[in-house]
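Q: Below: one structure in structure tokens.
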Amino acid sequence: MERTKSSLLQIQPPTYGNLVTILSIDGGGIRGIIPATILAFLEKQLQELDGEDARLADYFDVIAGTSTGGLVTAMLSAPNDKQRPLFAAKDIKPFYMDHCPKIFPQVQHRGLWGSIQKLLISLGGPKYDGKYLHEVVREKLGETRLHETLTNIVIPTFDIKSLQPTIFSSYQIKRSPCFDARLSDICISTSAAPTYLPAYHFKNQDPEGNLHEFNLIDGGVCANNPTLVAMNQVTKQIIDDNPDFFPIKPMEYGRFLIISLGTGTPKNEQKFNAKMAAKWGVLDWLTHGGSTPLIDVFTQSSADMVDFHLATVTQALHSEDNYLRIQDDTLTGTDSSVDIATKENLEKLGQIGERLLKKPVSKVNLETGLFQPIENGETNEDALRRFAKILSQERRLRELKSPHTHKALI
């Protein structure tokens, strides 16, 4: 199954360069506006280096995303009618501003009766019906399938029927063509957060006529930070002797360049405590304080565990400068919500993203779990400028060394 050819030169494989480049975007509902703001800044830096037509898909071997990050991944990598990315990074925030209020319509439940109504809704089914989300995703992505993306993508979901992760990866569709699903189906599936949006069922037929059935929910159940999933997919290709990665060795993670973007977490003192949770029953775990503690716990913990691991691995390999995690752990009140899609709150999330660019690069303290500024004084803006230069140089190196580039130019 051949990847779609672009009217401009797509990124050449890592075998012609020095690095494996990975972009990863966490899940987090409307908080996807935060990484969208970061991505717009990074793409602008690449455009200043290589021209206004530059897009993120031109520089990353893999773009991975979970839930809202999966939608962003598809937007950045799906082709338009000119075989260029469907969305520029700067277009993602306006997309969220326009559509999130309709995906997560805000219904006021006032007083005692309102509270009872809210409880009954949460007991009777998901908070939102998902119809508008399904419509807009299908409208934007159409019939585009996984093999048509302009770079490799990795989007985790979880199959509620088999109780195991289902990973939609560009790398696996040659071996398992039944996974070559429509991007719209993949995005709807990875966004189906329990209690918020309904689980999603679809069937997909491979070229030989075999029908595969999927029963999927939010990928955040297993990998809210999909960075390790992307690294795993690349490692499998190296083990399987994919010539695109020769001569990189399976555990040569020092050659990985990784930008991992979070969607923000609540400020430390705002988190729940054991004294509170000791008294909770099932309803409290699902609806306490207007949020969903159970969902918050498993999504945040899975994301943090990935960062703990990568912080340790990059330190061990002396490759800390090749790993950038941008995350804000100071969200409070409605800022930390995944679905309060008022115009005021959406605009505030954009402002949080802008402020995060100005903040110093921080790394997780492996003892406390808190993000602490690193010693060199580099801001996230500074780091992204530095990474943009590396990405540009890596792309040019591959173009110089690749015979495919020369053939395309003749």
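Q: Using a 1.4 Å probe, how large is the accessible area of residue 244, given in Å² and rounded to the nearest 10?
A: Here the accessible area works out near 70 Å².
Q: Please give the contour-minus-distance gain from residue 372 to residue 135: 0.36 nm per residue of separation, less the Cα-Cα distance, rounded to one decimal in nm. Show your work: numbers first, answer last.
A: Values: separation 237, 0.36 × 237 = 85.32 nm, distance 4.13 nm.
Gain on extension, residue 372 to residue 135, equals 81.2 nm.
Q: Would you kindly derive the ³J(HN,Hα) couplings of the stretch 352-357 from the backbone phi angles with the Karplus curve 6.51 cos²θ - 1.76 cosθ + 1.60 (θ = phi - 60°), listing them in order in whole Hz, with x for Gly and Pro?
A: Taking θ as phi minus 60°, the curve returns 4, x, 5, 5, 5, 4 Hz for the stretch 352-357.
Q: Under 25 Å between alpha carbons, and skipping anything fewer than 8 positions from residue 401 in its own chain: which lysines qualify?
A: Straight-distance partners of residue 401: 5, 236, 249, 389.
Q: May I pose another question? What nm distance separates the two modelled labels at residue 201 and residue 82, each placed 7 Å from Cα along Cα→Cβ?
A: With each label placed 7 Å out from Cα toward Cβ, I get 4.3 nm.
Q: Separation between the residue 164 and residue 393 pseudo-spin-labels, each 7 Å from Cα along Cα→Cβ, expressed in nm?
A: 4.3 nm
Q: Where does helix 131-141 land angle-wise versus the long Cα axis of the chain, in degrees 0 to 90, nearest 10?
A: Roughly 10 degrees, rounded to the nearest 10.
Q: Sticking with the crude label model, points 7 Å out along Cα→Cβ, report the distance from residue 348 to residue 15 in nm, one decimal please.
A: 5.2 nm
Q: Which one of 239, 292, 49 is farthest out on the positive end of the charge dipole of the chain, using unit charges on Cβ (Lys, Arg +1; Asp, Glu -1) and the Cα centre as origin?
A: Working it through, the farthest residue towards the positive pole turns out to be 292.
Q: Still on this structure, please answer the following. Build a GNM of the chain with springs between Cα atoms under 10 Å: which of 83, 12, 300 gets the top mean-square fluctuation?
A: Maximum among the listed residues: 83.
Q: Would you work out which of 125, 192, 172 lies farthest towards the positive end of the dipole of the chain, given +1 charges on the beta-carbon of Lys and Arg and -1 on that of Asp and Glu, about the Cα centre?
A: Farthest towards the positive pole: 125.
Q: Using unit Cβ charges (K, R positive; D, E negative) and no other charged atoms, how large, in debye to the nearest 20, is the dipole of the chain about its Cα centre? Don't jump to the answer; show the numbers that get you there.
A: Details: 44 positive and 49 negative charges, 68 e Å.
In total the dipole reaches around 320 debye.
Q: Restricting the count to DSSP beta bridges whose residues both fall in the chain, what percent are antiparallel, rounded to a multiple of 5? All intermediate terms of the calculation are to be shown ahead of the outcome.
A: Values: 20 of 38 bridges.
Beta bridges within the chain, antiparallel portion: roughly 55 percent.
Q: While we're looking at this one, here's another question. Hand me the trypsin sites (Lys or Arg not before Pro) from the stretch 76-108 located in a DSSP loop with no more than 11 other Cβ atoms within 10 Å, in residue order please.
A: Numbers: sites: 82, 90, 102; in loops: 82.
Those satisfying the criteria are 82.
Q: Using Cα atoms only, what is the angle between the long axis of helix 227-239 and the major principal axis of the chain, expressed in degrees (0 to 90) to the nearest 10?
A: 30 degrees
Q: Shifting gears a bit: Among the chymotrypsin sites (Phe, Trp or Tyr not before Pro) in the stretch 296-336, which ones are in a DSSP loop with at most 15 other Cβ atoms within 10 Å of the Cβ? Mind listing them?
A: On the way: sites: 298, 308, 323; in loops: none.
Here no chymotrypsin sites (Phe, Trp or Tyr not before Pro) fit, given the DSSP loop and packing criteria.
Q: Still on this structure, I have one more. Taking GluC sites (Glu not before Pro) that fall in a DSSP loop and have at most 11 other Cβ atoms within 10 Å as cut points, what is the longest piece of the chain between them? Working shown, then result.
A: Details: sites that count: 2, 52, 143, 208, 367, 375.
Here the longest run is 209-366.
Q: Separate question: Under a 5 Å amide H to amide H cut-off, with H placed in plane at 1.01 Å, what residues pair with residue 379 once short-range neighbours are removed?
A: 361
The values are calculated or read from the model by the stated rules, or taken from the named source; none is laboratory data. Predicted model only: the values in this text are computed from it and were never measured. Cβ coordinates were reconstructed from backbone atoms using ideal geometry, including for glycine residues, and neighbour counts include every protein chain displayed. Heavy atoms of the whole protein, side chains included, go into the accessibility calculation; ligands, DNA and RNA do not. Shrake-Rupley method; radii C 1.70, N 1.55, O 1.52, S 1.80 Å.
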